[in-house]
Amino acid sequence: MDAEERLSLITRNAVEVITYDELKEKVSSGAQLKGYIGYEPSGLAHIGHLIWMFKVRDLVEAGVQFNVLEATWHAMINDKFGGNMELIRRAAALFREVMRSLDIPVDRINFVDAETMVSDKDYWALVLKVMKMTSLARMKRALTIMGRTMDEAELDSSKLVYPAMQVSDIIYMDLDIALGGLDQRKAHVLQREVAERMGRKKVIAIHTPILTGLEGGRRMDNAESDEQAAAFKMSKSKASSAIFLNDSPEQVRAKIRAAYCPPRQVELNPVIEIAKYILFSRPGFTLHVERPAKYGGPVDFTSYAELEKAYVEGRLHPLDLKEAVAEALNKVLEGPRKLFERPDIAELVAQLESKVTR
């Protein structure tokens, strides 16, 4: 794989790279790149998580030395599972198995437990330096990275440590690339500013899209505020807006049939987004649409661009799109469903579901 191919694979399906020129320069140099994504083990995975999981696979295949930070302490600060660290750890183990069931190359990924970092006094020294270089107002504005509002810090001041930890994670691990959803932008930009002042490496941020909830709404890049955007994204806290990896085939079909999917419109259309960011992210994928001859007969789409063109021009009906997307998505979820059939995993899922908190 040459530099151009690596660059294309690394940036595929990204909505933003900060900055593309920096990334191109590093890839062209042939240097070994070190990347990461951090996630809170906070409940059951939904299909929105597939976007970053598939992106991790892209980066690994592009030769990036990749780390997945299981942000256990971050999840505790964010009150996930009521701060129960044992449940948080078990949720992290489940996520790792989910990634394996989706054929993500977990054996080529370095999984990092946040507890390893917080046991090092040098890590906390770094957190303090970051906080000393950041105003209170700026830190409060960054709380949206954890799905919180600025006002919530008034009741729990530990929330203010969270953004500083995320910035410190990146500096401590000496990373070249930080992968995350567009909702993580504030933390990544803050890292670049603080790192420059500290004389440390400024991370290149690669941002993936935030999947719109099935009921429709606004994405992070065009909502009036981060708080408004968060209300419309696919989230486990609103089951009707999300498809979970352990949903049955019938549940998946029912949820997609009921999903917001206006004719000829691709913007903020969750069914179209599932096709674009999940289905067509797989190499060689073809979306097969089965329909009666009087409506045009069966048709295959070998690229997302081809699908979008047909949909915008009205040559593909929303119901036909929904049926095809549901069928294809169910095939993607076959691996995770087999995982959830295991008695030990089923027991863990039941325990986690009963304890899920915002």
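The values are calculated or read from the model by the stated rules, or taken from the named source; none is laboratory data. All of these numbers come straight from a predicted model, not from anything done at the bench. With ideal geometry, Cβ positions are generated from the backbone for all residues, glycine too; neighbour counts draw on all protein chains shown. Surface areas here come from the heavy atoms of the whole protein model, side chains and all, with no ligands, DNA or RNA. Shrake-Rupley method; radii C 1.70, N 1.55, O 1.52, S 1.80 Å.
Below are the figures for this structure:
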{"quantity": "Degrees separating the helix 20-29 axis from the principal Cα axis of the chain, which is the longest one", "calculated": "80 degrees"}
{"quantity": "Stretchable slack from T116 to M85, in nm (0.36 nm times residue separation minus alpha-carbon distance)", "calculated": "9.8 nm"}
{"quantity": "Reach of K26 by Cα under 17 Å, taken over lysines that are not fewer than 8 positions away in the same chain", "calculated": "K34, K201, K202"}
{"quantity": "Total lysine pairs whose alpha carbons fall under 24 Å of each other in the range 69-165 (8 or more apart, or interchain)", "calculated": "10"}
{"quantity": "Centroid-to-centroid separation of the range 80-152 and the range 294-332 [C-alpha atoms, Å]", "calculated": "38 Å"}
{"quantity": "Sequence of S281, S303 when ordered by accessible area, the most exposed leading, probe 1.4 angstrom", "calculated": "S303, S281"}
{"quantity": "Summed side-chain charge close to F280 - residues other than F280 whose Cβ falls under 11 Å, Lys, Arg +1, Asp, Glu -1", "calculated": "0"}
{"quantity": "Additional length obtainable on full extension of the chain from E267 to W124, 0.36 nm per residue less Cα span", "calculated": "47.2 nm"}
{"quantity": "Gain upon complete extension [R141, S157; 0.36 nm per residue less C-alpha separation]", "calculated": "4.4 nm"}
{"quantity": "Mean Cβ neighbour count within 10 Å, used as a protection proxy, ranking 257-270, 120-133 highest first", "calculated": "257-270, 120-133"}
{"quantity": "Protection-proxy order for peptides 178-184, 1-7, each taking the mean of Cβ atoms within 10 Å per residue, highest first", "calculated": "178-184, 1-7"}
{"quantity": "Straight-distance crosslink candidates among aspartates and glutamates, where the alpha carbon sits under 14 Å from K55 and sequence neighbours closer than 8 are dropped", "calculated": "E16, D103"}
{"quantity": "0 to 90° range, to nearest 10: angle between helix 121-132 axis and the chain longest Cα axis", "calculated": "80 degrees"}
{"quantity": "Heavy-atom accessible surface of the chain: percent carbon and sulfur, 1.4 Å", "calculated": "50 percent"}
{"quantity": "Accessible area per residue, Å², the chain with all protein chains present, probe 1.4 Å", "calculated": "44 Å²"}
{"quantity": "Degrees, to the nearest 10: 343-355 long Cα axis against longest axis of the chain", "calculated": "70 degrees"}
